[in-house]
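Quick notes on the structure that follows.
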Amino acid sequence: MAMKVALLGCGVVGAEVVRLLQEQADELAARIGTPVEVGGIAVRRLGRARGTGLDPELFTTDAMALVTRPDIDLVVEVIGGIEPARSLILAAIKNGKSVVTANKALLAEDGAAIHDAAREAGVDVYYEAAVAGAIPLLRPLRDSLAGDRVKRVMGIVNGTTNFILDRMHTQGAGFTESLEEAQALGYAEADPTADVEGFDSAAKAAILARLAFHTRQVTAADVHREGITGVTAGDIASAEAMGCVVKPLAICQLSEDGSSVGVRVHPAMLPREHPLATVGGAYNAVFVEAESAGRLMFYGAGAGGAPTASAVLGDLVAVARNRLAGTSVAEGGHDTGLPVHPMGDTVTRYHLALDVADRPGVLARVAEVFAENHVSIKNVRQEGHGDDAQLVLVSHRAPDSALDATVRRLRALDTVRSVASVMRVEALNNAD
Ligand SMILES: NC(=O)C1=CN([C@@H]2O[C@H](COP(=O)(O)OP(=O)(O)OC[C@H]3O[C@@H](n4cnc5c(N)ncnc54)[C@H](O)[C@@H]3O)[C@@H](O)[C@H]2O)C=CC1
Ligand SMILES: N[C@@H](CC=O)C(=O)O
Ligand code: NA
């Protein structure tokens with residue numbers, strides 16, 4: 001007997017899911033062991049010719065009636081946002097349906113409750129598309145690395161912001177035009193503030209931290225978040241002068257004593273030789289460092305309709321197979337309870353460009369401020385002279401709170417006309 005799928009949402013991702021379900025119907029049936037049939041599609045408005053080739057009778061605006069229909073086996077949620085997605089997913093679970101979703105915002109906020117409900121109902125909730133689109137990342141973290149100890153996950157998990165910064169570096173393009181291009185290509189969220197202010201990456205980082213460190217204690221609200229709207233042409237130029245590129249990073253890291261985790265999202269400078277520095281366009285890439293496995297890198301399309309639909313279909317096959325086998329994969333049952341530590345306790349490295357008065361004693365005074373805050377300087381160089389003098393400094397690793405205090409103190413110095421650029425610097429080798 002065919003498995004019936006209810007699709008919630010038919011936008012950028014949903015339309016591609018429908019296309020693939022139709023085009024690959026025979027392969028999917030062979031791989032699952034039974035055909036998959038679209039049982040209904042919930043949309044916001046009826047009446048548009050959707051070009052799906054499907055019977056118009058399949059479209060409905062009553063998503064709740066669709067997810068609770070007795071003949072539906074699997075629900076694919078690609079509406080996005082918190083409500084009504086949460087109520088629809090919980091209703092589907094309660095009614096014994098397995099769920100596939102691409103909704104990072106919801107999972108980051110309420111993942112624990114959704115997994116609890118799924119465990120209780122004996123159904124699956126799979127969400128590979130929610131982080132880094134097409135890239136197989138969540139199932140490798142959940143399953144393949146289940147026997148290892150993950151120490152750090154660091155990556156580019158937002159295609160829109162990587163696309164914008166890449167355009168700024170390679171074409172000198174402006175922020176607004178690059179964002180519009182990313183929107184036209186289907187990479188951006190419905191509200192692109194989610195991308196450019198780091199909310200999307202923060203949700204993904206929370207999901208990654210929970211899976212990597214087996215803790216239920218991380219939600220998007222716990223993630224230190226800085227968007228890319230403050231990145232200036234000056235930052236880009238400063239990065240290039242140092243042989244670096246600016247990348248939108250998400251970093252989840254176990255503390256040195258293993259008692260807490262740091263989870264942060266912010267733009268950072270990366271040396272050009274860093275593997276993440278070469279990840280251009282809307283591509284995503286994620287580094288995972290585990291005790292026994294060492295360094296692993298996952299790379300591919302992190303956004304866009306077809307790549308995201310590929311991950312949705314992969315999950316659909318997995319949950320359909322589980323259902324046929326009468327089994328489900330419970331997630332989130334074990335909680336290490338690891339809490340998130342404040343950003344100030346995270347050890348980072350800063351790059352600073354200071355517009356200064358070019359006169360004797362200025363460098364000494366700047367160095368003094370670093371020393372007063374127990375921050376060691378890795379290197380310093382002066383560019384220009386007279387009224388155009390700029391001091392460019394890179395610190396050694398120090399608690400973020402000490403680096404932040406250093407910058408605040410420097411801003412107050414008479415000899416520092418302005419702080420032209422402040423950005424964290426990440427490196428492969430974390431020893432210095
Ligand atoms: N576009 C991308 O590259 C990626 C998107 N995602 C996620 O996939 C999900 C969908 O994203 P997109 O397809 O890009 O968004 P979209 O905005 O293109 O599509 C969402 C669709 O849901 C419909 N919708 C809204 N409320 C509804 C309701 N109550 N009932 C039925 N339909 C409703 C909207 O009318 C729209 O057509 C989001 O959770 C997003 O974060 C994940 C990875 C990549
Ligand atoms: N808006 C997101 C889409 C994928 O999650 C992005 O740009 O990465
Ligand atoms: Na993925």
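The values are calculated or read from the model by the stated rules, or taken from the named source; none is laboratory data. Bear in mind the structure is a predicted one, so any value in this text is a computation, not a measurement. Neighbour counts are summed over all protein chains in view; Cβ atoms, including those assigned to glycine, are modelled from backbone coordinates with ideal geometry. Side chains included, ligands, DNA and RNA excluded: accessible areas come from the protein's heavy atoms. Shrake-Rupley method; radii C 1.70, N 1.55, O 1.52, S 1.80 Å.
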(request) Report the local net charge at Glu331: Lys and Arg +1, Asp and Glu -1, summed over other residues whose C-beta lies under 14 Å from its C-beta. (result) -3
(request) Please work out how much length the chain gains when fully extended from Asp71 to Ala427, using 0.36 nm per residue of separation minus the C-alpha to C-alpha distance, in nm with one decimal. (result) 122.9 nm
(request) Enter the angle in degrees (range 0 to 90, nearest 10) between the Cα long axis of helix 85-94 and the first principal axis of the Cα atoms of the chain, meaning the one along which they spread out most. (result) 40 degrees
(request) Residues in segment 264-283, backbone N under 17 Å from the label point at Thr232 (7 Å along the Cα-to-beta-carbon vector): list them, ranges by number please. (result) 267-269
(request) Quick one: give the max-minus-min coordinate of the C-alpha atoms of segment 346-425 along each principal axis, largest first, in Å. (result) 37, 21, 17
(request) Out of all DSSP beta bridges with both ends in segment 175-312, state the antiparallel percent to the nearest 5. (result) 90 percent
(request) Compute the relative contact order of segment 346-425 as a whole-number percentage, counting only Cα pairs closer than 8 Å that sit 6 or more residues apart in sequence. (result) 49 percent
(request) Would you mind counting up the charge near Gln171? Only other residues with Cβ under 12 Å from its Cβ, with Lys and Arg at +1 and Asp and Glu at -1. (result) -2
(request) Just report the Cα centroid separation between segment 298-364 and segment 1-23, whole Å. (result) 27 Å
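Suppose the chain between Ala371 and Asn95 were pulled fully straight at 0.36 nm per residue; how much longer would it get relative to their current alpha carbon spacing? Numbers along the way, then the final one.
Details: separation 276, 0.36 × 276 = 99.36 nm, distance 6.22 nm.
Result: 93.1 nm gained on full extension.
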(message) Run the helix sum for the chain: -39,500 (n - 2.57) per DSSP H stretch of 4+ residues, divided by residue count, reported at 222 nm to the nearest 500 deg cm²/dmol.
(response) -10500 deg cm²/dmol
(request) Could you pull the Cα extents of the chain along its three principal axes, largest to smallest, in whole Å? (result) 83, 46, 32
(request) Whenever you get a sec, line up Lys94, Lys104, Lys204, Lys151 from highest to lowest accessible area (probe 1.4 Å, protein heavy atoms). (result) Lys94, Lys151, Lys104, Lys204
(message) Taking the 0 to 90 degree range and rounding to the nearest ten, how far is the long axis of helix 159-171 tilted relative to the main principal axis of the chain, both from C-alpha atoms?
(response) 40 degrees
(message) To test your reading of the geometry: what angle, between 0 and 90 degrees and rounded to tens, separates the Cα axis of helix 175-184 from the longest principal axis of the chain?
(response) 10 degrees
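So, with +1 on the Cβ of K and R and -1 on the Cβ of D and E, and no other charges, what is the size of the charge dipole of segment 346-425 about its Cα centre, to the nearest 20 debye?
Details: 11 positive and 10 negative charges, 61 e Å.
Roughly 300 debye, rounded to the nearest 20.
With a cut-off of 8 Å between alpha carbons and a minimum separation of six or more residues, what is the relative contact order of the chain in percent? It would help to have the intermediate numbers written out before the result.
Values: 929 pairs, mean separation 71.9, N = 432.
Relative contact order for the chain comes out at 17 percent.
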(request) Set the Förster distance to 41 Å, then compute FRET efficiency between Ala412 and Thr176 from the Cβ-Cβ distance, nearest 0.05. (result) 0.80
(request) Within 10 Å, count the other beta carbons around each residue, average over each peptide in 211-220, 153-162, 243-252, 322-331, and list them highest first. (result) 153-162, 243-252, 211-220, 322-331
(request) Can you tell me the dipole magnitude for the chain around its Cα centre, using point charges on the Cβ only (Lys, Arg +1; Asp, Glu -1), in Debye to the nearest 20? (result) 380 debye
(request) Please give the contour-minus-distance gain from Thr336 to Glu83: 0.36 nm per residue of separation, less the Cα-Cα distance, rounded to one decimal in nm. (result) 88.2 nm
(message) With the crude spin-label approximation of a point 7 Å out along Cα→Cβ, what separation in nm comes out for Gln183 versus Glu27?
(response) 3.4 nm
(request) Round to the nearest 0.05 the FRET efficiency obtained for His396 and Met64 when R0 = 51 Å and r is the Cβ-Cβ distance. (result) 0.35
